[in-house]
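Accompanying notes for the structure given below.
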Amino acid sequence: MNLGFLRLITVLGMLFYFSGSTAGEWGKDIKRIVIPFGLTANQLPDPQSKGAALLASYCGQCHNLPSPKMHSTGDWPMRFEKMMDHAMLMARASPGVKIPADKEKKELVSYLEKNGFRELPANSPLRGEPQIFNVLWHCSVCHAVPDPDQFPAKEWGNIVDRMNIYRKKQGREEMSNADRKEVINFLAKKRQ
């Protein structure tokens, strides 16, 4: 059987299996989602900013605070809209859920975009390299493929290791040592 197809089926099965996972009571019929990792309000980038305060106030109602670096600057507007759809449903079911005003939504999206990570451009020649499959396989389950040039090469090992810990906490397949090395080499090699 084709290994790529088997991996795809595994990821889809895991997404289906874990999509119903929630923990922590939140009202009579509603569960509070618990992200296995998250930040406290003072750990957010620019914690004294209006955007950080809004993120802590609104997003912290339903789940742990996400790091803005969790998604790319281009992903955040769409992710935020999806979260607003969920928040509207939750607000209908539980009157205690607050929804941001339009001006606050714009402030939140601006904050998330400002502090998100830079993704690998669609026209990057790196997308044609053989290691891209492993990078896509391990990175894009959670977020866009990061642009390798946004961090010094020596930092990518620690970043990949931290992501591997997150994968384990989420019940996802951890990277093998060979996959880890290939992903780090892709992200850390000297650019022409």
Simple SL model, points at 7 angstrom along Cα→Cβ for Gln170 and Lys189; separation in nm is 2.6
Candidate cut points under trypsin sites (Lys or Arg not before Pro) in the stretch 121-190, DSSP loop plus at most 15 other Cβ atoms within 10 Å of their own Cβ, are Lys189, Lys190
Which residues qualify? For His71, with a placed amide H closer than 5 Å and at least 5 residues away or on another chain, they are Phe117
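Readers should treat all values here as calculations from the given coordinates under stated rules, not as data from a laboratory. This structure is a prediction, so every number in the text was calculated from the model and none was measured. All Cβ positions, even for glycine, are placed from backbone atoms using ideal geometry, and neighbour counts span all protein chains on display.
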